[in-house]
Each structure stands twice: as structure tokens, then as C-alpha cells.
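The values are calculated or read from the model by the stated rules, or taken from the named source; none is laboratory data. Treat the numbers as computed from the prediction; the structure is a model and nothing was measured. Because the Cβ atoms are built from the backbone with ideal geometry, glycine has one as well, and the counts that use them run over all protein chains shown. In case anyone asks, the SASA skips ligands and DNA or RNA and just uses the protein heavy atoms, side chains included. Shrake-Rupley method; radii C 1.70, N 1.55, O 1.52, S 1.80 Å.
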Amino acid sequence: MRFRLPAWTATLTWKSACFIVVMCCTLAAVLGGLVHVEVTRQTVHTAREKALAKLTDTARAYEAGDPLPHGSGIDPAGLPHALRELAAGGSRGTAVAMLDGVPTMWAAGPADGRALATTIDYSQSASTISGLDNAIIGSSVLAIGLTLLVGAFAVTRVTRRLHQTALVARRISQGDLDARVDDPRAKDPGRYPDEVTTVAGALDTMASTLQAKLLSEQRFTADVAHELRTPLTGLSAAAELLPESRPTEMVRERVRTMRQLTEDLLEISRLDSGSERLETDLHRLGPLAERAARAAGRPTEVAVVRDLYVETDRRRLERVLGNLVANAHKHGREPVVLTVDGPVVSVRDHGDGYPEYLVAHGPQRFRTEAGAGGKGHGLGLTIAVGQAEVIGADLVFRNAPDGGALAVLTLPLPPPHPPTPPT
């Protein structure tokens with residue numbers, strides 16, 4: 001099984017914090033190392049100069065036969081072996097080693113084939129270097145902590161604005177075209193906009209432009225539908241006056257189709273504008289579904305698995321179910337089955353199923369695919385989706401595993417203990 005990091009590790013705040021910590025640690029390590037090396041070099045150099053100067057004085061005293069200074073001697077105990085070998089070979093040198101648990105700087109040189117050595121106390125220099133290292137570590141930790149806090153605060157402010165912009169984008173994608181980021185930085189001409197402000201301003205501009213175009217299209221659709229009603233009404237009246245014949249029946253059929261299309265356009269216009277108002281009441285779902293099936297005028301099998309009361313707008317719910325049943329009869333094959341199972345109502349036919357684009361993206365206005373391998377639709381399914389949203393239901397289009405189109409309408413759950421409606 002592939003290991004996956006927790007979801008919070010994908011956030012910009014966490015990535016920025018890691019970047020800040022890594023960069024601070026790297027910088028602290030480099031600077032601390034440079035300071036440590038330079039201070040240690042200077043400290044050791046000063047101690048070596050003192051030790052060699054004392055060794056020179058000791059060599060003079062040895063050659064003059066005077067008593068040797070304190071801490072000096074010939075082949076003294078504790079002299080590092082490497083330094084002893086160096087002095088026996090005729091060279092001078094220094095080394096730092098522990099003597100009786102104390103850091104000591106040794107200096108040694110040749111003296112009659114033996115090693116003349118002297119010592120100076122190196123403990124203060126060692127403690128200076130140790131204290132410097134502790135100071136470097138402490139200051140580095142403090143600097144990293146402060147930098148991380150300041151960086152986290154700055155990054156959090158940016159990510160908070162990005163989250164707000166993303167939230168507004170989601171609201172727009174869900175149909176709330178009035179949503180805006182309204183970043184105050186974009187309204188202040190005295191401030192230069194940053195990248196987040198630019199994105200927020202572009203999103204607000206896009207939303208305003210999209211809203212204006214959609215409102216224009218809605219007004220156009222509504223105006224066209226209203227303008228068509230009057231001539232269609234006159235055309236319908238004139239068609240009724242024609243003598244009975246096959247051409248007359250065809251004209252009347254086309255007029256009825258045009259009138260229905262006009263009414264559908266008006267209904268879609270009202271749905272788009274959000275002007276629809278609910279008139280809810282308590283209804284039994286089973287009889288309501290049976291009534292919608294009968295209104296379709298085609299033989300439809302109704303199966304009530306589990307009936308219940310729902311609080312909904314009866315007219316709109318019947319409109320949804322009627323459109324689904326009519327679409328199944330028009331573009332599918334019988335039998336058409338309407339099933340009620342609690343708050344879930346499904347309509348299924350046994351035709352070729354919905355096309356892939358409809359299952360993936362929902363119905364599209366005036367797009368029709370008919371024939372083998374396809375399932376056409378006009379405005380009926382679009383109206384069904386819109387009315388379902390108005391009553392708070394969820395309408396999903398699928399294809400049954402064993403063939404046929406399947407529309408599933410899930411209504412809001414009823415109250416826990418609905419009152420008994422009056423008879």
C-alpha cells in the first residue's frame with residue numbers, strides 16, 4: 001500500500017513553514033560554522049603563540065642551566081605521543097590535550113635528543129569556544145522560531161485571502177452570481193496590488209461580466225416567449241376555424257407544439273431569474289406519483305415500495321415527475337416504471353439509455369440526440385432539473401446496469417413525526 005501524507009501537508013501554509021525552517025536552518029548552519037571556524041582559529045592561534053613563546057623562554061633557561069618554569073620539563077608525563085615524536089625528530093610544535101582533566105596547550109621542541117615541553121592553561125579558551133557554540137545554537141533556534149512565527153503570520157494572511165477567493169469562486173460555480181471577493185486593496189488607488197488582489201479583482205470582473213451576459217440572455221428568452229404568445233394565440237384560434245382535414249390536424253399539432261415550447265421558455269426564464277416561490281404542504285408521495293403518471297397519458301407502471309408524507313410544493317413535484325415520465329415515453333421504450341421508495345422516486349424506461357454527456361453534465365437546452373445509441377431531449381429535462389432545485393430535491397440521471405435510462409429524484413427528508421393531514 002502506497003504511503004500518503006496527511007491532507008494538511010498539502011496546504012501552502014505547511015509548505016511555506018517547511019521552506020522557512022529549512023532555509024533558516026541552512027543559513028544558521030553556514031553562518032554558525034563560519035563563525036565557529038574563525039573564532040576557533042583565532043583562539044588556537046593566540047594560545048599557540050603563547051605556548052611557543054613560553055617554550056622559547058624554557059629553552060633558554062634549559063641551555064643556561066637555570067630552573068625550568070612551572071609546567072615545563074624534559075619528556076614530562078602526559079605529553080602527547082605525536083608531539084613527543086615531533087620534538088625528538090628536531091622540530092617544534094604544539095597540540096591541545098587533556099592533562100588531569102583540564103584542557104591544556106602543549107608546546108615541545110628538541111633538547112639533546114629528548115623533548116623539552118611546556119604547558120599553558122587552555123581551559124578558558126575552550127570554554128570560550130564552547131560558549132560561542134552554545135550562543136550560536138541558541139540564537140539560531142530563537143531566530144528560526146521568530147522567523148517561523150512571522151513567516152507563518154504573513155503566509156496565513158495570504159492563504160486566508162486565497163481561501164476567500166476560492167470560496168467565492170465556488171459560490172459562483174454553484175449559481176450565486178452576486179458573490180464577490182471585494183478585496184479592499186483593489187479599491188485603494190494608493191496601494192500597489194499584489195498577486196492575490198489581482199486574482200480577486202479578475203474573479204470579480206469575470207463574475208460581473210458573466211452575470212450581465214446571463215441576465216441579458218434571460219431577458220431575451222423571456223421577451224421572445226412573451227412576444228410569441230400573442231401571435232400564437234391568434235394562430236391557434238385561426239387553426240380551430242379551418243375545415244377538418246389531415247393538413248388542418250398537422251397545423252393544429254404544430255401550433256400546440258409551439259405554444260408548449262413558448263410556455264417552457266417562460267418557465268425556464270422564471271427558473272433562471274430565481275423568482276419562483278414555493279407553496280409547500282404535506283402530501284403523501286405515493287398518490288402524488290400515481291397522479292403524475294396518469295397525467296402523462298401513456299401506460300406507466302407505478303410501484304410504491306415505501307410510502308411516506310413529504311412537505312413539498314405539489315404542483316412543482318408533479319411537474320418534475322410528469323416531465324421525467326413524458327421524456328421516458330418519448331425517447332425510451334416501454335415498460336416505463338415509476339418507483340416510490342421513501343423519499344426516493346425513480347423513473348426508468350427500457351430504451352438505449354441517456355447519452356454520456358447528459359449523465360456527466362446534466363441536460364442541455366435544445367440539445368437532442370435520438371436514434372440508436374442515443375436518447376434525445378428538449379426542454380423537459382431542463383425544466384425538471386430547475387423545478388427539483390426549487391423544491392430542494394436532488395435529481396440524478398443514470399443508465400441502469402441492465403439497460404435503460406434511470407432518473408432518480410431524492411426529496412428532502414420529512415419531519416421526524418409529521419402530523420396527520422386533515423381528511
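Kindly indicate the residue of the range 273-290 that is touching a Leu at 6+ places or on another chain (Cβ under 9 Å) and open to solvent by 60 Å² or more (accessible area, probe 1.4 Å) and also farthest from I391 (Cα to Cα) among those meeting that condition. Looking at residues that are touching a Leu at 6+ places or on another chain (Cβ under 9 Å) and open to solvent by 60 Å² or more (accessible area, probe 1.4 Å), I get E290. Among the residues that make up the range 349-356, is at least one of them open to solvent by less than 50 Å² (accessible area, probe 1.4 Å), within 23 Å of I268 (Cα to Cα), modelled with pLDDT of 85 or more and part of a helix (DSSP H, G or I)? So far as the range 349-356 goes, no, none of its residues is open to solvent by less than 50 Å² (accessible area, probe 1.4 Å), within 23 Å of I268 (Cα to Cα), modelled with pLDDT of 85 or more and part of a helix (DSSP H, G or I).
Counting only residues that are touching a Gly at 6+ places or on another chain (Cβ under 8 Å) and within 19 Å of V390 (Cβ to Cβ), the range 327-343 holds 1 of them.
Please verify whether the range 41-49 includes one or more residues that are over 60 Å from the mean Cα position of the chain (by Cα) and more than 30 Å from G138 (Cβ to Cβ). Yes, that holds for at least one residue. The requirement of being open to solvent by less than 60 Å² (accessible area, probe 1.4 Å), more than 26 Å from D133 (Cα to Cα) and of a type in the set (A, V, I, L, M, F, W, C) is fulfilled somewhere in the range 39-54, by at least one residue. For the range 152-163, the tally of residues that are free of Cβ contacts under 8 Å to residues at least 24 places away in the same chain and within 12 Å of the chain's Cα centre (by Cα) stands at 1. The combined condition, being under 30 Å from the mean Cα position of the chain (by Cα) and either in a loop (DSSP other than H, G, I, E, B) or modelled with pLDDT of 90 or more (or both), is not fulfilled by P416. The set of residues from the range 220-259 being open to solvent by less than 70 Å² (accessible area, probe 1.4 Å) and either touching a Cys at 6+ places or on another chain (Cβ under 6 Å) or not small (G, A, S) (or both) comprises T221, V224, L228, L232, T248, V251, R252, V255.
Restricting attention to the range 200-219, the residues that are within 33 Å of the chain's Cα centre (by Cα) and open to solvent by 80 Å² or more (accessible area, probe 1.4 Å) add up to 4.
For the range 372-382, a residue qualifies if it is surrounded by 22 or more Cβ atoms within 10 Å (Cβ to Cβ) and either assigned to a helix (DSSP H, G or I) or modelled with pLDDT of 90 or more (or both), and exactly one does: L381.
Considering the conditions (1) closer than 30 Å to Q218 by Cα; (2) surrounded by fewer than 22 Cβ atoms within 10 Å (Cβ to Cβ); (3) at pLDDT 85 or above; (4) of a type in the set (A, V, I, L, M), V325 is excluded by exactly one of them, (2). Out of the residues in the range 164-176 that are surrounded by fewer than 16 Cβ atoms within 10 Å (Cβ to Cβ) and hydrophobic (A, V, I, L, M, F, W, C), state the one that is nearest to the chain's Cα centre (by Cα). Step by step, filter the range 164-176, then rank; the result is A166.
Quick check, is L409 closer than 15 Å to T312 by Cβ and at pLDDT 90 or above?
yes
For the residues T221, T205, the requirement of being part of a helix (DSSP H, G or I), modelled with pLDDT of 80 or more and among the polar types (S, T, N, Q) singles out T205. Taking first residues from the range 240-259 that are more than 25 Å from A225 (Cβ to Cβ) and partners that are β-branched (V, I, T) and assigned to a helix (DSSP H, G or I), the Cβ contacts under 9 Å between residues at least 6 apart in sequence or on separate chains come to L242/T248; L242/V251.
Each row is one residue, and each column tells you yes or no for (1) within 30 Å of G65 (Cβ to Cβ); (2) open to solvent by 30 Å² or more (accessible area, probe 1.4 Å).
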site	(1), (2)
M98	no, yes
G101	no, yes
M105	yes, no
P110	yes, yes
T118	yes, no
T128	no, yes
A135	no, yes
S140	no, no
T147	no, yes
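Would you point out the residue of the range 177-192, among those that are basic (K, R) and open to solvent by 60 Å² or more (accessible area, probe 1.4 Å), that is nearest to the chain's Cα centre (by Cα)? Only one residue tops the list, namely K187.
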